[in-house]
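So the structure is just underneath, and the comments pick up after that.
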Amino acid sequence: MGAGRVGSAVAKRALAAGYEVSVLDEDPLSHERLEESGGRTWEDAGGMFTVGTALEVDSLIEAGVQRADVFIASTDGDNTNLTVAQIVQRRFEVGKVVCRVMDPARAAWYAEQGLDTISPTRHAIEMFEQALGIDA
Amino acid sequence: MYVIIVGAGKVGLNLARELIDKGHEVTLLESDRRRYLVVESELGHVVQYGDATELWVLERAGVQRTDLVIAVTGDDEDNMLVCQVAKEKYVCERVIARVNNPRNLQHFKLLGIQPVVSATDLILRLIEHEVPRYGLVHLLALEEERLEIIELEVQAGAPAAGRRVTEVELPQGSLVISVLRNGTGFVPTAETVVEAGDQVLLVLDAGLEDKITPVFSHPAD
């Protein structure tokens, strides 16, 4: 969910690695990010694309959430990611749900609650600390 | 009582005014700078600027000692997550969330956010109350307590019509609490006779509606 810079890159890598990949985004134009450099479309490459808002359960179902093994929430909105990730985890019982959370404090707390969170901000802080030679 | 209100829009601001009038301690949180400044000119330090989905903003507002968190922003995701964090991380016993889009109600339930207030639903219920098309109106559902309050119109020829309240055969777990007749309501005594055309209010255990409706409906219906 969320075909921005992060989501689309992960989607393409996953597809290339042989996974079946379905992308959900509310912006139809985000589809362009999924095009291959050779002019091959995302669908030609075997990918799926659904336009819709993930808070609408119908969109999730249309995108195939019911048979998903992994769900990645990678929109630029922490609140959207956290909400939808929990819905997918609890309602559709997807085995692995990974959620992007910019806010490091909430990423840590939700991780304690059993959500797989990735905080780019946390990583950036650690990189800067390393660059400065400060031990975390 | 100490109350944190999240979202200083029309709902949040008026709620804050009411609660302050009633003598409660209130902190209002608003994440839009311009809206914050408008509200701050009226309420001063009662309103704090910040995004309440961030933990430190809630902590600064004193979420650890609050009795009640009310999330009434225009964004359902924000309302859901603020309540979830208040309840589960800061062990705030009471949270109330506003649902903007009734379709999101299922998500609030899934995340265990209770109770919720949906303006759309309230307006729908008012319409049902004023324009009783469906016969039975759900006025209030206390889901945790598994109780409901419903309103029914007594139809001519119904088993209950013309009988005293004590003689009306109701299933266990239900009680007539009020009768509305000619535009006024009253609490019935044992001697009150239920008449066709009355609206009766009943409190009942959840799920008993189907057994109660026939008592007040015409048998042919």
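Numbers for the structure displayed
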item	result
Which numbered condition residue A:105 misses (of (1) within 11 Å of another protein chain (Cβ to nearest Cβ); (2) over 20 Å from residue B:107 (Cβ atoms); (3) touching a residue at least 12 places away in the same chain (Cβ under 8 Å); (4) not basic (Lys, Arg))	(3)
Residue satisfying condition, being of a type outside the set (A, V, I, L, M, F, W, C) and more than 15 Å from the chain's Cα centre (by Cα), within set A:26, A:32	A:32
Within the stretch B:38-84, tally of residues that are crowded, with 24+ Cβ neighbours inside 10 Å, without any contact (Cβ under 8 Å) to a residue 40 or more places away in the chain and either farther than 17 Å from residue B:107 by Cα or among the β-branched types (Val, Ile, Thr) (or both)	2
Subset of the stretch A:72-92 [away from chain B (no Cβ under 12 Å) and not aliphatic (A, V, I, L, M)]	A:74, A:76
Boolean, residue A:50 is out of contact with any Leu (no Cβ under 7 Å at 6 or more places or on another chain) and of a type in the set (Ser, Thr, Tyr)	no
Hey, residue A:84 at pLDDT 95 or above, surrounded by fewer than 22 Cβ atoms within 10 Å (Cβ to Cβ) and outside any loop (DSSP other than H, G, I, E, B) or not	no
Wholly within the stretch B:147-221, strands (runs of 3 or more DSSP E) carrying at least 2 residues that are within 20 Å of residue B:125 (Cβ to Cβ) and in contact (Cβ under 8 Å) with a residue 12 or more places away in the chain	B:147-153, B:174-181, B:199-205
Flag if residue A:24 is touching a Leu at 6+ places or on another chain (Cβ under 9 Å) and under 27 Å from residue B:100 (Cα atoms)	yes
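The values are calculated or read from the model by the stated rules, or taken from the named source; none is laboratory data. Remember, it's a predicted structure, so these values are computed and weren't measured experimentally. Cβ atoms come from the backbone with ideal geometry, glycine included; neighbour counts cover every protein chain shown.
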